[in-house]
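J.: Sending over a structure as structure tokens; questions will come in a sec.
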Amino acid sequence: MATTAEKSAELVGRLERLPFSRWHRNLFALCFLGVMFDACDFALFGMALPPVAREFGLNQAQAGLLATVGLVGAFLGALFWGTISDYIGRRTSFAATIGIFSLFTGLVAASWNVLSLAVFRFISNFGLGGEVPVALTLTSEYSPGRIRGRMTGSMMAAFPLGLALAAALAYFIIPTYGWRTVFVVGVAPAVLLFFVRLVMPESVRYLLSRGRVAEAEATVAHIEAQALAGASAPPPPVIAVATEERGVTVLELLTPERRRRTILLWIVSFCFLWASNGIIFMLPTILVQRGFPLSQILVLLFVQAVAAMVGYTACAFLIDRYGRRPVLFLYYFVGAFFHLWFAQATGLWLYVAIAAVGWVNPGVYGANGVYVSELYPTHLRATAVGWFFGIGRIGSFLAPAVVGFMLEYGAGAYVLHTFALTFLIASLALWLVGIETKGKVLEQITGAEGKAGQGA
């Protein structure tokens with residue numbers, strides 16, 4: 001009779017041999033839509049903030065504080081849901097985050113004063129902040145190693161698409177129907193809960209990490225029936241599945257063999273989200289101060305958004321072809337110079353430079369998460385991804401505030417230089433992680449993590 005370890009190895013091998021199938025597409029589409037709606041909801045509040053401020057009589061400082069409340073909610077949500085999904089499961093956490101941010105986004109439309117608005121926004125963002133880490137982890141754990149980069153990274157391309165959707169909704173709804181209507185529409189993601197129940201199984205790797213081998217075997221058999229449809233498949237590869245010693249997952253991120261890797265990845269995340277959210281929230285203000293008309297600013301933002309969608313997808317394919325470390329390093333290192341180029345560009349070159357910036361910022365965002373999800377074992381994978389994005393959100397709090405002070409006190413000409421500097425720091429930290437994961441089965445990466453961590 002096979003031992004638990006042998007059975008786990010067999011089931012992981014059976015998952016890895018599967019071709020990309022309709023079943024994978026359904027899972028991909030569900031996670032893609034979840035991330036798209038997440039990003040859309042995230043951006044809508046910023047676009048609705050001017051009419052919200054007018055209705056409730058808020059000055060600029062008060063409006064900024066109201067926006068910060070939502071960012072704090074997203075920060076805590078990333079930490080909480082990333083961690084808790086390693087205890088209660090990916091599927092349950094995904095459904096919970098969708099349900100929370102859909103319900104409380106709808107309640108934002110019913111706000112009767114600033115306090116109720118702040119509370120509803122905080123709770124909706126608490127769900128919203130956890131959805132991306134959970135969706136990314138689930139997709140990563142179901143993606144065969146040979147295509148994990150392009151499958152998971154392409155799923156994350158939903159983020160810039162969600163930002164574009166938010167712009168379209170705001171443009172067509174707010175001027176005619178008011179800001180409350182746009183948040184009523186924000187309830188729509190709740191429809192995904194039906195499809196979660198219908199097509200999303202719990203992660204097989206999560207089930208195995210919890211000792212639920214019979215459930216994992218039934219899930220694999222169900223997936224094989226749909227993915228293979230009676231066709232023959234190659235024999236499953238022999239994959240060693242190590243026994244995972246359990247502790248408190250957050251503390252395990254900082255054990256001696258993981259501490260250096262974790263801190264370096266947190267530096268990458270902080271630097272990236274400093275530059276990314278600095279661009280998202282402050283670029284219009286920066287350009288207004290430089291004398292650009294609003295019409296030109298909107299065109300520049302559109303060019304950046306289109307380039308970002310291409311950059312996301314390209315990065316997902318490139319990391320599978322050339323490896324995680326070299327591609328991510330180049331995105332950051334070259335990206336630092338793209339930001340400097342945009343700071344100095346004029347005329348038509350300004351549009352080329354902002355497209356180059358968009359390619360890397362936020363084009364490297366999804367592939368970051370793929371890499372992090374590969375570097376930690378199953379029982380703390382979602383915790384690692386959640387804390388990676390959560391720590392990065394500290395940069396998202398600080399960047400708008402620091403940029404605001406720089407603009408206020410005459411240092412606005414150097415704002416884009418801070419984004420270039422953080423991209424340069426991120427490139428060095430990323431390279432120092434020192435582990436390549438291209439094409440490897442997750443268990444092959446984490447099974448030897450002690451040696452990898454020491455050699456990083």
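J.: If I ask for residues that are buried (at least 16 other Cβ atoms within 10 Å of the Cβ) and either closer than 19 Å to Thr378 by Cα or at pLDDT 90 or above (or both), which ones from the range 226-241 would you list?
T.: Those that are buried (at least 16 other Cβ atoms within 10 Å of the Cβ) and either closer than 19 Å to Thr378 by Cα or at pLDDT 90 or above (or both): Ile239, Val241.
J.: Examine the range 191-209 for a residue that is without any contact (Cβ under 8 Å) to a residue 40 or more places away in the chain, surrounded by 14 or more Cβ atoms within 10 Å (Cβ to Cβ) and out of contact with any Asp or Glu (no Cβ under 6 Å at 6 or more places or on another chain), and state whether such a residue exists.
T.: The answer is no; no qualifying residue exists.
J.: In the range 312-329, what residues are open to solvent by 10 Å² or more (accessible area, probe 1.4 Å) and closer than 25 Å to Gly395 by Cα? Full working, then the answer.
T.: Filtering the range 312-329 down to residues open to solvent by 10 Å² or more (accessible area, probe 1.4 Å) leaves 313-314, 317-318, 320-322, 325-327, 329.
Of everything in the range 312-329, those that are open to solvent by 10 Å² or more (accessible area, probe 1.4 Å) and closer than 25 Å to Gly395 by Cα turn out to be Thr313, Arg325, Pro326, Val327, Phe329.
J.: Follow-up. Can Arg246 be described as basic (Lys, Arg), open to solvent by 80 Å² or more (accessible area, probe 1.4 Å) and modelled with pLDDT of 90 or more? Spell out the reasoning first.
T.: Numbers: basic (Lys, Arg): yes; open to solvent by 80 Å² or more (accessible area, probe 1.4 Å): yes; modelled with pLDDT of 90 or more: no.
Judged against the criteria, Arg246 is not a match.
J.: Go through the range 1-47 and count every residue that is assigned to a loop (DSSP other than H, G, I, E, B) and surrounded by fewer than 17 Cβ atoms within 10 Å (Cβ to Cβ).
T.: 6
J.: Please go through the range 73-97 and give me each residue that is over 16 Å from the mean Cα position of the chain (by Cα) and among the aliphatic types (A, V, I, L, M), ordered by number.
T.: Listed by number, the residues that qualify are Ile84, Ile88, Ala95, Ala96.
J.: Can you say whether Phe80 is among the aromatic types (Phe, Trp, Tyr), out of contact with any Ser or Thr (no Cβ under 9 Å at 6 or more places or on another chain) and within 19 Å of Pro160 (Cα to Cα), as far as the supplied structure shows? I'd like the intermediate steps shown before the answer.
T.: Values: among the aromatic types (Phe, Trp, Tyr): yes; out of contact with any Ser or Thr (no Cβ under 9 Å at 6 or more places or on another chain): yes; within 19 Å of Pro160 (Cα to Cα): no.
No.
J.: Can I ask one more? Take the residues in the range 49-103 that are out of contact with any Lys or Arg (no Cβ under 7 Å at 6 or more places or on another chain) and of a type in the set (Phe, Trp, Tyr); name whichever of them is surrounded by the most Cβ atoms within 10 Å (Cβ to Cβ).
T.: Phe101
Here is a yes/no grid of residues against (1) touching a residue at least 12 places away in the same chain (Cβ under 8 Å); (2) open to solvent by less than 40 Å² (accessible area, probe 1.4 Å):
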position: Trp266; (1), (2): yes, no
position: Phe270; (1), (2): yes, no
position: Val288; (1), (2): no, no
position: Leu300; (1), (2): yes, yes
position: Val310; (1), (2): yes, no
position: Tyr331; (1), (2): yes, yes
position: Leu350; (1), (2): yes, yes
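J.: Condition (residue is under 18 Å from the mean Cα position of the chain (by Cα), assigned to a helix (DSSP H, G or I) and under 16 Å from Val385 (Cβ atoms)) applied to the range 98-108: is it met by at least one residue?
T.: no
J.: Would you say Arg14 is over 24 Å from Leu161 (Cα atoms) and of a type in the set (D, E, K, R)?
T.: So Arg14 fits the description; yes.
J.: Checking the condition more than 19 Å from Gly130 (Cβ to Cβ) and out of contact with any Pro (no Cβ under 9 Å at 6 or more places or on another chain), which residue from Gly211, Gly162 passes?
T.: On the way: Gly162 fails: more than 19 Å from Gly130 (Cβ to Cβ).
The conditions single out Gly211.
J.: Suppose the filter is in a helix (DSSP H, G or I) and either at pLDDT 90 or above or open to solvent by 40 Å² or more (accessible area, probe 1.4 Å) (or both); does Phe122 pass it?
T.: Yes; evaluated as a whole, the condition is true for this residue.
J.: Tell me, please, whether a residue that is free of Cβ contacts under 8 Å to residues at least 60 places away in the same chain and on the phi < 0 side of the Ramachandran plot can be found in the range 425-434.
T.: Taking every residue of the range 425-434 in turn, at least one turns out to be free of Cβ contacts under 8 Å to residues at least 60 places away in the same chain and on the phi < 0 side of the Ramachandran plot.
J.: In this structure, does Gly412 turn out to be on the phi > 0 side of the Ramachandran plot and either surrounded by fewer than 24 Cβ atoms within 10 Å (Cβ to Cβ) or at pLDDT 95 or above (or both)? Working first, answer last.
T.: Working: on the phi > 0 side of the Ramachandran plot: no; either surrounded by fewer than 24 Cβ atoms within 10 Å (Cβ to Cβ) or at pLDDT 95 or above (or both): yes.
Criteria not met by Gly412.
J.: While we're on this one: Please name all residue pairs, on different chains or six or more residues apart, with Cβ atoms under 8 Å, provided the first residue is in the range 393-421 and is within 20 Å of Ala353 (Cα to Cα) and part of a helix (DSSP H, G or I) and the second residue is of a type in the set (Phe, Trp, Tyr) and open to solvent by 70 Å² or more (accessible area, probe 1.4 Å).
T.: Here the result reads Ala420/Phe337, each pair linking the range 393-421 to a residue that is of a type in the set (Phe, Trp, Tyr) and open to solvent by 70 Å² or more (accessible area, probe 1.4 Å).
J.: Additional query: Any idea which residue in the range 352-377 is farthest from Gly82 (Cα to Cα), counting only those that are open to solvent by less than 10 Å² (accessible area, probe 1.4 Å) and among the hydroxyl-bearing types (Ser, Thr, Tyr)?
T.: Looking at residues that are open to solvent by less than 10 Å² (accessible area, probe 1.4 Å) and among the hydroxyl-bearing types (Ser, Thr, Tyr), I get Tyr371.
The values are calculated or read from the model by the stated rules, or taken from the named source; none is laboratory data. Please read all numbers here as calculations on a predicted model, not as lab measurements. As a convention, Cβ positions derive from the backbone with ideal geometry for all residues, glycine included, and neighbour counts pool all protein chains shown. These accessible areas exclude ligands, DNA and RNA; they are computed on the full protein's heavy atoms, side chains included. Shrake-Rupley method; radii C 1.70, N 1.55, O 1.52, S 1.80 Å.
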